[in-house]
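Heads up, the thing below is written out as structure tokens.
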Amino acid sequence: MSVHAARPVPLPLIEGDAFSGTHVPLIERYLDRLPFAPGDKLVSLQEGSTPLLRAPVVSEMVGARVRLKLEGANPTGSFKDRGMTCAVSAAVREGAKAVICASTGNTAASAAAYAARAGVTCAVIVPEGKIAQGKMAQILVHGARVISLQGNFDQALALVRELTATHPIVLVNSVNEFRIEGQKTAAFEIHEALEGGLDALCIPVGNAGNITSYWRGFREMGAAPRLLGFQAAGAAPLVEGTRVEHPETIASAIRIGNPVRWEDAMAAARDSRGAIRAVSDAEILSAYRLLASREGIFCEPASAASIAGLLKYGSEGAEQIVCVLTGRGLKDPETAIANNDGKTIQCAAERDALEEAVLGDP
Ligand code: F0G
């Protein structure tokens, strides 16, 4: 069967919403491959169907055809929306009134948005002082309850798992199978777009849910690209083979020392003949600036780990490569303002001064 085989015309599962082209809610687009049935009430913000953009500069640097999967184009600005439409739709189907998660920011922003859409309450546990401002703004404006934990992500997740064992609140971290199911659809999109021609996928790894999802997605398509996962060097338990008690990295989204999908991630790397490796904060920031200044793509620091890894280890014979850019740059304005190649020139409000500021030596 061609990977381009026409899909059935999407069912109007969400009354009143109008969709065009491939912009249908993710669950409708892949209804036949997800644990939902026609007639299920869905909670969607029209996620998925994200761009797969050529990266000419990076391609030239590594001598391969490199594309970027722009997951920051999802409604809340990260790949989490693919999993969250499924997790929240399933929770609502089961009659849940509240959802909860531990998060380094993006899962929380996504949960808060989908909970608002669904009319259920949402609580998020975040490591105090360690989540980027854009994410905090999202969580607050969607009206979630923010619990700022005096601890790190790993402690937050352990505690929230205990709490949900005794309270009827649905946990929407990637321990929730619906999250993995939803996120596997990114692999479907890439497989379809490249007609099965992908050799290697570069992806940042934190809690390890996403690499698990991609591997499941590719397997379901009968494909087996090499999965190359990248952790930040200060938070690289899968590379070191042991938990990291005090993870540290500028890429706050992947500041995780004890990934919940540890075994699944190792299996994905092994079974795909891939690897999980580390990149330093300096390498992450350099890739981050390169993407923004040369490719015109502003992603968040954690996302740049995929490019940093590709540049560090090379294409290793792969001809077609996709780097997953998991979240958009506006999520983390502090890091952007502190690390860039731009220039601000102060200028008096008069013509000559402006001329000098614009045309003079920098
Ligand atoms: N990139 C971004 C931007 C993320 O937010 C995350 C995870 C990852 C990569 C890693 O994905 O955990 O599936 O391996 N963020 C989680 C959160 C932990 O709470 O938002 P993973």
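Only the coordinates and a few stated rules stand behind these numbers; no lab work does. Keep in mind that this is a model prediction, so the values were computed, not measured. Don't worry about glycine lacking a Cβ; one is built from the backbone with ideal geometry, like all the others, and counts go over all protein chains shown.
Summary table
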| read-out | value |
| --- | --- |
| Hull volume in cubic angstrom per residue (convex hull over the Cα atoms of the chain) | 158 |
| FRET E, pair Glu240, Ala165, Förster distance 30 Å, beta-carbon r, rounded to 0.05 | 0.55 |
| Sequence-distant residues sharing a close amide H with Ser280 (under 5 Å, placed H) | Ala233 |
| Cross-link partners of Lys312 among aspartates and glutamates (Cα-Cα below 16 Å; sequence separation of 8 or more within a chain) | Glu60, Asp281, Glu283 |
| Kirkwood Rh in Å, taken over region 241-350 so that all alpha-carbon pairs contribute | 15.8 |
| Between region 127-172 and region 221-298, the Cα center-to-center distance that results, in Å | 22 |
| Alpha-carbon spread of region 156-242, three principal axes, descending order, Å | 46, 31, 15 |
| Beta bridge orientation in the chain: antiparallel %, DSSP, nearest 5 | 15 |
| Residues Glu300, Glu181 arranged by fewest to most Cβ contacts within 10 Å | Glu181, Glu300 |
| Backbone N within region 271-306 under 17 Å of label point (7 Å from Lys343 Cα along the Cβ vector) | 293-294 |
| Percent RCO, i.e. relative contact order, over the chain, from Cα pairs under 8 Å lying at least 6 residues apart | 18 |
| Overall form of region 179-318 per C-alpha gyration tensor (a/c, 1.5; a/b vs b/c) | oblate |
| Residue-by-residue Karplus 3J(HN,Hα) for region 117-133, coefficients 6.51, -1.76, 1.60, Hz, glycine and proline x | 4, 7, x, 10, 7, 9, 10, 10, 10, 10, x, 4, x, 10, 10, 5, 4 |
| Members of Lys130/Lys331; Lys97/Lys130; Lys130/Lys343; Lys184/Lys331; Lys41/Lys331 lying beyond 21 Å, as alpha-carbon distances in this model show | Lys97/Lys130; Lys130/Lys343; Lys184/Lys331; Lys41/Lys331 |
